[in-house]
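One structure is given here, and the rest of the page talks about it.
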Amino acid sequence: MYLSEPKPPESVTVVSQTVNNITLRWSHPDGELVRYKTILNQADAEDNEVNTHKIFMNLIPGTEYIIKIYSEAGDGTGSEMFTHTYYTGKFL
């Protein structure tokens with residue numbers, strides 16, 4: 001059991017974005033955690049191990065996506081979620 005709730009990812013930024021992909025990177029917060037989980041729209045959470053980046057691929061051009069990222073401790077305790085809305089560009 002962990003003494004405190006894990007902290008959420010910090011300094012989440014877009015590294016690159018195209019009409020089909022979004023690449024995000026973030027900083028590891030202070031404290032103990034086991035992995036990060038990511039959610040694209042309302043899909044199931046996806047393990048991302050301890051990587052501090054994620055590429056969301058095969059997105060639909062001209063579409064709004066809600067991306068959530070959170071840290072998780074070994075006992076399954078999750079941090080607050082980082083949530084942001086991104087828009088993919090349109091083909092010209």
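The values are calculated or read from the model by the stated rules, or taken from the named source; none is laboratory data. Remember, predicted model here, so these are calculated numbers, not experimental data. As a convention, Cβ positions derive from the backbone with ideal geometry for all residues, glycine included, and neighbour counts pool all protein chains shown.
Applying the criterion of being small (Gly, Ala, Ser) and touching a Leu at 6+ places or on another chain (Cβ under 8 Å) to the residues of the stretch 69-83, the residue that is nearest to GLU46 (Cα to Cα) is SER71. Give just the number: which of (1) loosely packed, with under 12 Cβ neighbours inside 10 Å; (2) closer than 19 Å to ALA73 by Cβ does PRO6 not satisfy? Only one criterion in (1) loosely packed, with under 12 Cβ neighbours inside 10 Å; (2) closer than 19 Å to ALA73 by Cβ is unmet by PRO6, namely (1). Contact annotation: residue pairs with Cβ atoms under 9 Å, 6 or more positions apart or on different chains, pairing a residue in the stretch 19-31 that is among the aromatic types (Phe, Trp, Tyr) with a partner that is exposed (fewer than 15 other Cβ atoms within 10 Å of the Cβ) and not in a loop (DSSP other than H, G, I, E, B), are TRP26/GLU10; TRP26/SER11; TRP26/THR13; TRP26/HIS53.
Checked against the criterion of being touching a strand residue (DSSP E or B) at 6+ places or on another chain (Cβ under 7 Å) and over 16 Å from HIS84 (Cα atoms), the candidates GLU5, GLU72 yield just one match: GLU72. Within the stretch 65-87, the set of residues being closer than 25 Å to VAL19 by Cα and free of Cβ contacts under 8 Å to residues at least 24 places away in the same chain comprises THR83, THR85. Just one of (1) at pLDDT 90 or above; (2) over 15 Å from the mean Cα position of the chain (by Cα); (3) not charged (D, E, K, R) fails for ALA73. It is (1). Filtered by the rule that a residue be closer than 14 Å to SER11 by Cα and in contact with a Pro (Cβ under 7 Å, 6 or more places away or on another chain), the stretch 45-74 gives ILE69, TYR70, SER71. Would you point out the residue of the stretch 16-70, among those that are more than 14 Å from the chain's Cα centre (by Cα), outside any strand (DSSP E or B) and among the acidic types (Asp, Glu), that is surrounded by the fewest Cβ atoms within 10 Å (Cβ to Cβ)? Of everything passing the filter in the stretch 16-70, ASP30 is surrounded by the fewest Cβ atoms within 10 Å (Cβ to Cβ).
Against the list (1) farther than 23 Å from THR88 by Cα; (2) at pLDDT below 90, the condition ASP44 fails is (1).
Can SER71 be described as at positive phi and among the hydroxyl-bearing types (Ser, Thr, Tyr)? So SER71 does not fit the description; no.
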